[in-house]
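Chemist: The structure's right below; bear with me while I get my questions together.
What follows draws every value from the coordinates through simple rules; no lab data is involved. As the structure is a prediction and not an experimental result, all values here were calculated from the model. Neighbour counts are summed over all protein chains in view; Cβ atoms, including those assigned to glycine, are modelled from backbone coordinates with ideal geometry.
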Amino acid sequence: MIAGLLLSFTILKGVAEYFSSYLMARIGQSAVLNLRSELYEHLLKQSAVFFEKHRTNYLVSRLVVSCSAIELAVSSNLRDVLRESFMLVFFLSAAFYFNWRLTLGSLIIAPIIGLITTNYSRRMRKFADVSLEGNKSLTDTSQEALANHIIVKAYSAEASERERFLESAKIIAKANLRSARISATAPPSLEFVGIMAIVVLFYFGLREINSARLDPSQFFTFLFFLFRSYDPMRKISRQHNEITKAFAAARDVWNILDQDDSLPEIKDPVVLAPLTKGISIENVSFNYRNGAKKILQDINLDIPTGTMVALVGQSGGGKSSLTRLIQRLYDPTAGSIMWDGIDIRNADIRSLRRQIALVTQETVLFNDTIRQNIAYGNPAASDAEVAEAARVAYADEFIEQLPEKYDTLVGERGVFLSGGQRQRIAIARAVLVNAPVLILDEATSALDTESEHLVQMAISNLMQHRTSIVIAHRLSTIQKADRIVVMEKGRIIETGTHDELLKSRGTYEKLYKMQFNDGENVKDPKDIII
């Protein structure tokens, strides 16, 4: 019978431990999944201002490292704390049952244990914060060096980058070692306090036994349960230190969730239809941060449907900022942008951005197949539609020559493709979206002659039957624009066609001569930056 009970108990214990571990792991995974999902959704909703405040590596670290620390605390540390807390309550209750007077006396050490635990927790939080900051620095340092490995190698900077990496790694190691020292010190300290309390209890207990006021068997049974209570107390202290680290990670996550720089949207926004009349920019001023120098000042511009408007001027003139306002990546600090007479701040943001195709100066491709990159803005597109977009962008020829054709991986940032090929893939992506408005930050200056010619033909195809806003770096590409807007220091200083602006003999003519007359009449070298 005893053997059967022992076997049954062992089986029940194993089953209970299995469900305990599995269910707590499930709770932890569910918690971290929900937290990561909520955090990622929160990040995606933020405006461009938010991403100017925070480094990308910092945000990714919070998504991965901090959430993992919280998951470990919930699935493992919390499980152990709950189990040991149950054991502690059981042993203390048993000790209380056998001698409640001595049990109450032994609990006098509880405030002392509380003070010790609080002190250790405070120090643990300090070093946990240092370790987290070190992790941020380590992530930034390694990501920058690995992403820019060509520059690192070109300048033989491997040694200096290794030193930067080791400097951050040493900060983390030092903080973690100090945390480990505290973790190793806390349990013995608590055990020492507990043993001192037991020594005192021995003295009073034996005195009560010698005076026949206490039964020896009850006293030693009481001591047995009291001794057993210190083991879960020590384990709870150790887990408490680990949970403290998780709280430091959680604080970073909550801080991000508490920040909301998303663009406000009215309760019932207007769902925009394709552009029929035009875009009107009325008295728009803009600065990225309150009180900072204005990037745009009193901009007034009409962009009729079906026209091509080119923005030209020196770097820092506000051309890119103006296009970002039209996409409502930011809101103007003054004035308004009207879409067929509707203020875009009253429009549904998704409906606005579905009407705009974007080709940036720095081509952005994802580490996926060519097909997925072309269909990024229209995931439901068929293979035939993807191929047609590639044909219009003059990308089909080189795609068909690849071993896996449209299933070819482009690599991180399109590293497996040439600059001209990447640009044509980006143009094909804009073609497939088939949006009525095109914003084009022309990027042909770094291409060879043949690639530039193909990209220019692809751009011409893309611009057909669309309202186009072009940031022009080469004036030869925008001579046929319906309107050329010259910007300087955040203001519009000239507008007109190519011929009209040349005749006016203003800033545009000077820019034109700098590009086509080998710098004739250039007085200041900084003026040649276009």
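Chemist: Let's test this: bin the Cα-Cα distances of the range 25-258 at 10 Å from zero up to the farthest pair and state each bin's percent.
Modeler: 7, 23, 24, 19, 13, 8, 4, 2, 0
Chemist: Among residues other than Phe204 whose Cβ falls under 12 Å from its Cβ, what is the net charge (Lys/Arg +1, Asp/Glu -1)?
Modeler: For residues surrounding Phe204, the net value is +2.
Chemist: Further question on the same structure: On C-alpha positions alone, give me the angle between the axis of helix 158-210 and the longest principal axis of the chain, in degrees, nearest 10.
Modeler: Once rounded, the angle reads 20 degrees.
Chemist: Related question: Taking the number of other C-beta atoms within 10 Å as the exposure measure, put Ile182, Ile112, Ile471 in order starting with the fewest.
Modeler: With the fewest neighbours first, Ile182, Ile112, Ile471 line up as Ile112, Ile182, Ile471.
Chemist: Also, quick follow-up: Once both axes come from the Cα atoms, what is the angle between helix 383-392 and the longest principal axis of the chain, in degrees from 0 to 90, rounded to 10?
Modeler: 40 degrees
Chemist: Additional query: Can you list the lysines whose alpha carbon is less than 30 Å from that of Lys513, not counting same-chain residues fewer than 8 positions off?
Modeler: Candidates past the 8-residue exclusion: Lys294, Lys319, Lys480, Lys489, Lys503, Lys523, Lys526.
Chemist: Mind jotting down a quarter of the surface of the convex hull over the alpha carbons of the chain, in square nanometres, one decimal?
Modeler: Averaged projected area of the chain's Cα convex hull equals 37.7 nm².
Chemist: Nearest 10 degrees, 0 to 90: what angle lies between the long axis of helix 216-258 and the longest principal axis of the chain (Cα atoms)?
Modeler: Helix 216-258 sits roughly 10 degrees off the main axis of the chain.
Chemist: Quick one: which of 380-387, 205-212, 90-97 comes out on top by average Cβ neighbours within 10 Å, and what's the full order, highest first?
Modeler: My ranking of the peptides, most packed first, is 90-97, 380-387, 205-212.
Chemist: Just want the ordering: Tyr18, Tyr58, Tyr394, Tyr508, from fewest to most Cβ atoms lying within 10 Å of their own Cβ.
Modeler: Ordered by Cβ neighbours within 10 Å, fewest first: Tyr18, Tyr58, Tyr394, Tyr508.
Chemist: Order these by the 10 Å Cβ neighbour count, fewest first: Arg422, Arg483.
Modeler: Arg483, Arg422
Chemist: Based on the alpha-carbon gyration tensor of the range 125-188 and its eigenvalue square roots a ≥ b ≥ c, which shape applies: rounded if a/c is under 1.5, prolate if not and a/b is larger than b/c, or oblate?
Modeler: Because a/c hits 1.5 or more and a/b exceeds b/c, the range 125-188 counts as prolate.
Chemist: With a/c under 1.5 counting as rounded, go ahead and sort the range 365-434 into rounded, prolate or oblate using the C-alpha gyration tensor (a ≥ b ≥ c being the square roots of the eigenvalues; past the cut-off, prolate if a/b is larger than b/c, else oblate).
Modeler: Rounded is the answer for the range 365-434, as its axis ratio a/c remains below 1.5.
Chemist: Over the range 365-434, what relative contact order in percent results from Cα pairs under 8 Å that are six or more residues apart?
Modeler: Relative contact order here is 52 percent.
Chemist: Quick one: which residues, 5 or more positions from Leu438 or on another chain, have an amide H under 5 Å from its amide H? H modelled 1.01 Å from N in the peptide plane, none for Pro or chain starts.
Modeler: Excluding prolines and chain starts, which carry no amide H, the hits are Ala357, Thr467, Ser468, Ile469.
Chemist: Have a look at the DSSP beta bridges in the chain and tell me what percent are antiparallel, nearest 5.
Modeler: Details: 19 of 38 bridges.
Roughly 50 percent of the beta bridges in the chain run antiparallel, per DSSP.
Chemist: Another question about this same structure. With the cut-off at 1.5 for a/c, could you classify the range 287-373 from its C-alpha gyration tensor as rounded, prolate or oblate?
Modeler: prolate
Chemist: Apply the Karplus curve 6.51 cos²θ - 1.76 cosθ + 1.60, θ = phi - 60°, to the phi angles in the range 307-317 and return the couplings in whole Hz, x for Gly and Pro.
Modeler: 9, 10, 10, 10, 9, 10, x, 5, 4, x, x
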